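The values are calculated or read from the model by the stated rules, or taken from the named source; none is laboratory data. Just so we're clear, the structure is a prediction, and the values are computed from it rather than from any experiment. Note: ideal-geometry Cβ built from the backbone for every residue, glycine included; neighbour counts use all protein chains shown. We work out accessible area using only protein heavy atoms, side chains counted, and drop any ligands, DNA or RNA first. Shrake-Rupley method; radii C 1.70, N 1.55, O 1.52, S 1.80 Å.
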Amino acid sequence: MVAHMQNYHPITKSFWRFFFTFLPAIVVIVYYIIRDRQVLSILWPIHTKAGLKVHMSLLVRSISGCSAGVLQYYSLKYIPLGDSSAICNSYPVIVSILASIFLGEPFGIYMFLSTAVTFIGVVVVTQPPFLTGEDLNMNQLTGACLACGCSFGFAIAIVMIRHLKEIHHSIILLYFGGYGTIETFIMTLEFGVLEFPELELSNIEVYMAVGIGIMSFVSQIFLIFALKCDNAGPISMVKSTDLIFAFIWQFIFFSQTPTMWSWIGGLIMVLGISMAGFRRYLDSLPESHTHKKHLWFILK
């Protein structure tokens, strides 16, 4: 939907996304308050060390997640949906590194190799001149840089959500949607790009604008619940599979066939991500399992 609505500025579409994520979050908060669930109690008092830590963590998660979303939308101005998604979805390797540093999750030689393979895939997707033999494509380079920034932002956001696993999901959504709405609203006013589709029942862009936010809200809920159940690294691996759907949607809705370099880079990235996923599979096996004994070096 974002890629289809090319007539609107990326920041405008980001504003729609966060605004229609923020509204349902308020409804969810009110619902739990009515049910006498003390979901807001963990935020107070702010002046205590624990309260300040929670607020700062929520703020970092919101800033990184919102900035990543804006950068992703911006990248779609310069490169196709498939290429943008391929680079944005390289974040699992960044997540693995950050999670090992801040959350104590394992990261050994095998994960380093997985990271290196995925990075090579990102380089191939950007189609640098030394590979293609063509002149530097500034649009491709700009879009790739924006998508890389998005990838780093997503990685930080996922690690922070895992860090906030004890916080109620409605609080995380409220902060995310609220901060994003304020940030993008100010930016739209600054750049003079605040606009909305014509409010007509027959105007499909109205439904698409709302749909962008609703889909974001739903996907964030599932992501938050997933990160409450498992480590950041494995969850990011699974989430990155939407790269496959991006190439499919690009072909179906925009009739854009990915270039040879996009296919090669995407496949290399899938290989790197699959390597990390296979390590997670081995780690989940019982200690006595044959595969775990024979492939012990992967878990180092």
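With the Cα gyration tensor of the chain in hand, give its eigenvalues times 5 under a square root as the equivalent ellipsoid semi-axes, listed largest first in whole angstrom. Show your work: numbers first, answer last.
On the way: eigenvalues 193, 169, 51 Å².
Calculated on Cα positions only, the semi-axes equal 31, 29, 16 Å.
Just by accessible area at a 1.4 angstrom probe, what is the order of CYS148, CYS229, CYS88 from largest to smallest?
The most accessible residue leads, giving CYS229, CYS148, CYS88.
Roughly how many Å² is the accessible area per residue of the chain, as a whole number, for a 1.4 Å probe?
Heavy-atom SASA per residue in the chain reads 51 Å².
Is segment 63-157 rounded, prolate or oblate when judged by the Cα gyration tensor, a ≥ b ≥ c being the square roots of its eigenvalues, rounded requiring a/c under 1.5 and prolate requiring a/b larger than b/c?
oblate
Take VAL193 and HIS47, extend 7 Å from each Cα along the Cα→Cβ direction, and tell me the distance between the two endpoints in nm.
Taking the two extended label points, one gets 4.2 nm.
Within segment 42-117, what whole-number % of the accessible surface is contributed by carbon and sulfur, with the 1.4 Å probe and all protein chains included in the calculation?
75 percent
Using a Gaussian network model of the chain whose springs link C-alpha atoms within less than 10 Å, name the residue from SER284, SER64, SER219 with the highest mean-square fluctuation.
Greatest mean-square fluctuation among the candidates belongs to SER284.
Arrange the peptides 76-85, 184-193, 137-146 so that the one whose residues have, on average, the most other Cβ atoms within 10 Å appears first.
With the highest mean Cβ count within 10 Å placed first, the list reads 76-85, 137-146, 184-193.
Enter the Cα centre distance for the pair segment 241-300 and segment 1-62, rounded to the nearest angstrom.
Result: 31 Å between the Cα centres.
What residue among THR115, THR290, THR181 has the largest mean-square fluctuation in a Gaussian network model of the chain, using Cα springs under 10 Å?
Looking only at THR115, THR290, THR181, the largest GNM fluctuation is found for THR290.
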